[in-house]
1. Before anything else, pin down the relative contact order of the range 2-150: Cα pairs under 8 Å, at least 6 apart, normalised by residue count, whole percent.
2. In whole Å and largest first, what semi-axes does the C-alpha gyration tensor of the chain yield when each eigenvalue is scaled by 5 and square-rooted?
3. Between Val104, Val91, Val79, where does the largest GNM mean-square fluctuation fall for the chain, given springs only between Cα atoms within less than 10 Å?
4. Looking only at Ala130, Ala119, Ala143, which one moves most when the chain is put into a Gaussian network model with springs between Cα atoms under 10 Å?
5. Gap in Å between the Cα centre of the range 16-62 and the Cα centre of the range 88-166?
6. Taking K and R as +1 and D and E as -1, what net charge do the other residues with C-beta under 15 Å from the C-beta of Asn32 add up to?
7. Taking springs between alpha-carbon atoms closer than 10 angstrom, which of Asp74, Asp63, Asp140 fluctuates most in the Gaussian network model of the chain?
8. Determine the sum of side-chain charges near Gly46: Lys and Arg each +1, Asp and Glu each -1, restricted to other residues whose C-beta is under 14 angstrom from that of Gly46.
Amino acid sequence: MTPNGKNGEVTKNAPNFLGDLTVVRADAFHLNALVPLFDGYRQFYGQPSDPEGARAFLAERLDRGESVIFLALDGETPVGFTQLYPSFTSVGMRRLWILNDLFVAPGGRRRGTGQALLARARQHGIETGAARLTLSTAIDNAAAQALYEAQGWRQDEGFYTYNLPL
């Protein structure tokens, strides 16, 4: 997979993908394509549909430069996205990226879309000199875990994750 256009655009013809899969760095122009995917992602995790809230949230992230979003397109059809948030490792004194969201619409699944999005996220990490990418996924999301592990991600065995509800 190699960059071939603006915003680090990447085209990947995955072995099982029927069509031309393109991954682009999203901007405000892509908001209409992102909203249904982001809303579907939230619904996957048990949240009610809220397209207006999704639009406002994504627009604010993009406008403020608070995240990097990559959008997968099959031709002109949006089929998936991943969203990365910047962070840092104090011990390593370097940037890291939190891969917070990865979603592939049902029509894009098992066709290389998730692989292409993960590859583009990895490429972005390398381009920005990051120490690593990190993510969390639901304990029962076996399909996502298999995808991550097949792409070289490893489950952390050295640290527990804690959350403080506010």
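Throughout, read-outs are computed from the coordinates displayed, never taken from laboratory work. Predicted model only: the values in this text are computed from it and were never measured. Positions of Cβ are backbone-derived with ideal geometry, glycine not excepted, and every protein chain shown enters the neighbour counts.
1. 21 percent
2. 23, 19, 18
3. Top of the fluctuation ranking is Val91.
4. Most flexible of the set in this elastic network: Ala143.
5. Using only Cα atoms to place each centre, the spacing works out to 17 Å.
6. Local net charge: -3.
7. Asp140
8. Cβ neighbours under 14 Å give a net charge of -2.
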